[in-house]
Amino acid sequence: MLAIAAARAGGAILQDRYGRPGRITMKPGGAGPVSEADLVSEAAILAVLEQAGIPVLSEEAGGAGSGRRWIVDPLDGTGNFIRHLPWFGVGVALAMDDAVELGVVYVPITDELFAAARGRGGTVNGEPLRVSETASLAESSLFTSIDRGMCSVPARIRRFARVAAQVAEMRSPNAALVDLAHVAAGRTDGFWEDGLPPWDMAAGSILVQEAGGVTSGMDGVPLRLDHRGIIATNGRFHAGLVAALQE
């Protein structure tokens, strides 16, 4: 699969440059850091994907915002990567508008390749992906990102505190695609985050869906890649989490 080859090409760059991110700049408006490793990984991924002749939307290079296109995140978790923290990965998805056809998330530090295609299930290193069986919100372990985007909005802080009081555990690894892959693998029970662009959701969303989980927008309606937010769970308490986030 071309997406797997592309993700591995980007991951090889990140593995080689781990601990050596190179020059770091900030995106406009404080939207986060960009390292040289992001750009080199992106170039390696795009060089592989160009073989298919399909338009690309990529985090740093931009591109096609609709239609059938590759959606690429060359380094998900840049903040972790530049601090030599091992929670980061590469995401490659193929989508027609909001309908994701396939997705790959590669985590180079653990050499784990998560992959899924619509209607064909998902795998991690060839083994089937399956979401957890945690039955209730009260028993759940959830991921979200605690960052400036959340902490600068009082309503989001209040919402985080409200949800955290209703679950067993909250964690903030701060790499959305990797977080979603762990939901798909049943290692955590759910994830939500506001303000996400398509490349932070696309590949991870189909992993969760094909592993038996549920994804939606922040308001509980079907996921839209241009609506900048996602809730993903094992499906057993999805409605409860949506309700908790909407109170």
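The values are calculated or read from the model by the stated rules, or taken from the named source; none is laboratory data. Just so it is clear, the structure is predicted and the values come from calculations on it, not from any experiment. FYI the Cβ positions are ideal-geometry reconstructions off the backbone, even for glycines, and counts take in every protein chain you see. Only protein heavy atoms, including side chains, enter the accessible area calculation; ligands, DNA and RNA are left aside. Shrake-Rupley method; radii C 1.70, N 1.55, O 1.52, S 1.80 Å.
Exactly one residue among Ile146, Ile157 is in a helix (DSSP H, G or I), among the hydrophobic types (A, V, I, L, M, F, W, C) and out of contact with any Asp or Glu (no Cβ under 9 Å at 6 or more places or on another chain), and that residue is Ile157.
Say whether the condition of being at positive phi, open to solvent by 60 Å² or more (accessible area, probe 1.4 Å) and free of Cβ contacts under 8 Å to residues at least 60 places away in the same chain is met by at least one residue in segment 16-38. Checking segment 16-38: at least one residue is at positive phi, open to solvent by 60 Å² or more (accessible area, probe 1.4 Å) and free of Cβ contacts under 8 Å to residues at least 60 places away in the same chain. Listed by first and then second residue, the pairs with beta-carbon distance under 9 Å, at least 6 apart or on different chains, first residue in segment 94-119 and at positive phi and of a type in the set (D, E, K, R), second open to solvent by 60 Å² or more (accessible area, probe 1.4 Å) and not in a loop (DSSP other than H, G, I, E, B), are Asp97/Arg68; Asp111/Gln15. Out of segment 230-247, which residues are within 17 Å of Ser205 (Cβ to Cβ) and open to solvent by 30 Å² or more (accessible area, probe 1.4 Å)? Hit for segment 230-247 is Gly235, nothing else.
Where strands (runs of 3 or more DSSP E) fall entirely within segment 16-116, those with at least 3 residues that are within 19 Å of the chain's Cα centre (by Cα) are at 33-35, 56-58, 68-76, 89-96, 99-107. If only one of Ala185, Ala203, Ala175 is among the hydrophobic types (A, V, I, L, M, F, W, C), closer than 16 Å to Gly235 by Cβ and in contact (Cβ under 8 Å) with a residue 60 or more places away in the chain, which one is it? So the residue among Ala185, Ala203, Ala175 that is among the hydrophobic types (A, V, I, L, M, F, W, C), closer than 16 Å to Gly235 by Cβ and in contact (Cβ under 8 Å) with a residue 60 or more places away in the chain is Ala185. The residues listed here are Leu196, Leu225; of these, the one that is part of a loop (DSSP other than H, G, I, E, B), more than 17 Å from Phe88 (Cβ to Cβ), open to solvent by less than 20 Å² (accessible area, probe 1.4 Å) and aliphatic (A, V, I, L, M) is Leu225. When Thr78, Thr110, Thr25 are checked against the criterion of being among the β-branched types (Val, Ile, Thr), touching a strand residue (DSSP E or B) at 6+ places or on another chain (Cβ under 8 Å) and more than 22 Å from Asp226 (Cα to Cα), a single residue qualifies: Thr25.
Yes or no, residue by residue, for (1) in contact with an Asp or Glu (Cβ under 8 Å, 6 or more places away or on another chain); (2) touching a residue at least 60 places away in the same chain (Cβ under 8 Å):
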{"residue": "Ile45", "(1), (2)": "no, no"}
{"residue": "Leu49", "(1), (2)": "no, no"}
{"residue": "Ala52", "(1), (2)": "no, no"}
{"residue": "Pro55", "(1), (2)": "no, no"}
{"residue": "Ser58", "(1), (2)": "yes, yes"}
{"residue": "Ala61", "(1), (2)": "yes, no"}
{"residue": "Ala64", "(1), (2)": "no, no"}
{"residue": "Gly67", "(1), (2)": "yes, no"}
{"residue": "Thr78", "(1), (2)": "yes, no"}
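If you go through segment 181-202 and keep only what is closer than 17 Å to Pro128 by Cα and touching a Leu at 6+ places or on another chain (Cβ under 6 Å), you end up with Ala181, Ala184, Ala185.
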